[in-house]
Amino acid sequence: MMNDYKKTRLVLVVLSATFALLAVAFSLDLFGKPTPPRKLPLVDTDFLKTETWRRSYKDLVETKAPLDDFDCYACHEQGKKVVLKYDAKQQLVVPDEHSDIVMGHGTHGRNNNCFNCHNDENLLRLQPRDGRELKFEESTLLCGSCHGPTYRDWEAGMHGRTSGYWDRSLGPFKKQDCVNCHNPHSPKFPGRQPAPPPNYLREKRDDSDPPHTSP
Ligand code: HEC
Ligand code: HEC
Ligand code: HEC
Ligand code: HEC
């Protein structure tokens, strides 16, 4: 006959072993049907960059980047007028030395003539219609001379981008120039992929679940 003490011990040993086995079974998730976690694609870090699309002449000067493209008289002869070349269809021919310049200003290339913007007597200056001579860093005034409404929107902060202090008594603010976003030679803003919307932390229930609505 087993005495009571031995009985109790046997029961405890059996119970402990059972719980230990259950613990292992649960931790290995033997009974559940675990759904594999959804793979969340990493977001391209380009979306986090705050720089503008283009670097203007002003930016190149500020960051002390090479300015060879702006050193017109390294190649052109001072005092000698540059003659524009056209093909048989009266389309401007951009020479190989300027092959980085692709002209396409306006839907029909209506503003492709170099000297609509550059001064033909001093290549180092820009030339709006009203006769002012502007430096490369003043190009926004050149754009404004033909794009009055957009320029006024820009001045009012409705077009372009203003960053810095809202309360101007606290610190500086900066308005981006037109050429920070538009290439003066082909100003149409290239389309961009929008950044993806945020992901749910909950798992998707099934494929018919719309991806980005509240549960
Ligand atoms: C690397 C040398 C080089 C530099 C730097 C350079 N050019 Fe030129 N450019 C040329 C050559 C070569 C031609 C073709 C021959 C010519 O017309 O004199 C030319 C042609 C031109 C033309 C006529 C284009 C056409 O379609 O007929 C214009 C306008 C012009 N350049 C403006 C400029 C301006 C403005 C700068 C400075 C912001 C500049 N270039 C800097 C080499 C250069
Ligand atoms: C709509 C006005 C406009 C027209 C038209 C135009 N340019 Fe420009 N160009 C500019 C402005 C503004 C800059 C300075 C941009 C900056 O700050 O990045 C510039 C910069 C340049 C530069 C130096 C930087 C670079 O991109 O190489 C050259 C060279 C040049 N232009 C040549 C030409 C030639 C050649 C033509 C004609 C085929 C022409 N441009 C037509 C406005 C114009
Ligand atoms: C001499 C006048 C003139 C100057 C200077 C000028 N533009 Fe234009 N721009 C035009 C014309 C003309 C069009 C064509 C409008 C159209 O096709 O309906 C145009 C079109 C545009 C467009 C629309 C392009 C598209 O394809 O949708 C943009 C953006 C633009 N310009 C930006 C600029 C910027 C930035 C500057 C300064 C670097 C500038 N422009 C300087 C005359 C000018
Ligand atoms: C921060 C970037 C940014 C700056 C700075 C900026 N633009 Fe734009 N601009 C855009 C974008 C983006 C569009 C819209 C393109 C689209 O809808 O396809 C645009 C559109 C335009 C158009 C096309 C016509 C229209 O209104 O839809 C013109 C012209 C234009 N900009 C001129 C200018 C001028 C002139 C300046 C400077 C006074 C300027 N932009 C400054 C980003 C900028």
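The values are calculated or read from the model by the stated rules, or taken from the named source; none is laboratory data. Small disclaimer: the values here were computed from a predicted structure and weren't measured. Counting neighbours? That spans all protein chains shown, and the Cβs are built from the backbone with ideal geometry, glycine included.
Of the residues that make up the range 182-192, is at least one under 26 Å from the mean Cα position of the chain (by Cα) and away from ligand 2 (no atom under 16 Å from the Cβ)? There is at least one residue in the range 182-192 that is under 26 Å from the mean Cα position of the chain (by Cα) and away from ligand 2 (no atom under 16 Å from the Cβ).
Based on this model, can you work out whether Phe47 counts as in contact (Cβ under 8 Å) with a residue 60 or more places away in the chain, closer than 30 Å to Asn199 by Cα and of a type in the set (Phe, Trp, Tyr)? Yes; evaluated as a whole, the condition is true for this residue.
Taking Met158 as the residue in question, decide whether it is closer than 19 Å to Tyr57 by Cα and part of a loop (DSSP other than H, G, I, E, B). Walk me through it before giving the result.
Details: closer than 19 Å to Tyr57 by Cα: no; part of a loop (DSSP other than H, G, I, E, B): yes.
Against the criterion (closer than 19 Å to Tyr57 by Cα and part of a loop (DSSP other than H, G, I, E, B)), Met158 does not qualify.
Within the range 68-96, residues that are under 22 Å from Arg110 (Cα atoms) and acidic (Asp, Glu) have Cβ atoms under 6 Å from residues that are at pLDDT below 90 and more than 6 Å from ligand 1 (Cβ to nearest atom) in no pair, counting only partners at least 6 apart in sequence or on another chain.
Of these, Leu60, Leu22, which one is farther than 29 Å from His98 by Cβ and of a type in the set (A, V, I, L, M, F, W, C)?
Working: Leu60 fails: farther than 29 Å from His98 by Cβ.
Every option except Leu22 fails the conditions.
Among the residues of the range 61-79, none qualifies, meaning not one is within 27 Å of Arg192 (Cα to Cα) and modelled with pLDDT under 90.
Could you please give the count of residues in the range 110-154 that are outside any helix (DSSP H, G or I) and away from ligand 4 (no atom under 15 Å from the Cβ)?
First, the residues of the range 110-154 that are outside any helix (DSSP H, G or I): 110-113, 117-135, 147.
Then keep just the ones that are away from ligand 4 (no atom under 15 Å from the Cβ); that gives 112-113, 118-125, 127, 130-133, 135.
Residues in the range 110-154 being outside any helix (DSSP H, G or I) and away from ligand 4 (no atom under 15 Å from the Cβ): 16 in total.
Checked against (1) in a helix (DSSP H, G or I); (2) surrounded by 13 or more Cβ atoms within 10 Å (Cβ to Cβ), Val94 passes all but a single condition, namely (1). Can you confirm whether Thr35 is touching a residue at least 24 places away in the same chain (Cβ under 8 Å), farther than 28 Å from Pro184 by Cβ and hydroxyl-bearing (Ser, Thr, Tyr)? In short, yes. Here Leu126 fulfils each of the conditions (1) among the hydrophobic types (A, V, I, L, M, F, W, C); (2) loosely packed, with under 13 Cβ neighbours inside 10 Å; (3) in contact with a helix residue (DSSP H, G or I) (Cβ under 6 Å, 6 or more places away or on another chain) apart from (2). Among the residues of the range 40-73, the ones that are away from ligand 4 (no atom under 16 Å from the Cβ), not charged (D, E, K, R) and not in a loop (DSSP other than H, G, I, E, B) come to 7 in all.
For the range 13-64, which positions are small (Gly, Ala, Ser), out of contact with any Phe, Trp or Tyr (no Cβ under 9 Å at 6 or more places or on another chain) and exposed (fewer than 10 other Cβ atoms within 10 Å of the Cβ)? Within the range 13-64, Ser27 is the sole residue that qualifies. Within the range 90-149, restricting attention to residues that are more than 15 Å from Ser186 (Cβ to Cβ) and among the aliphatic types (A, V, I, L, M), the residue that is farthest from ligand 1 (Cβ to nearest atom) is Leu141.
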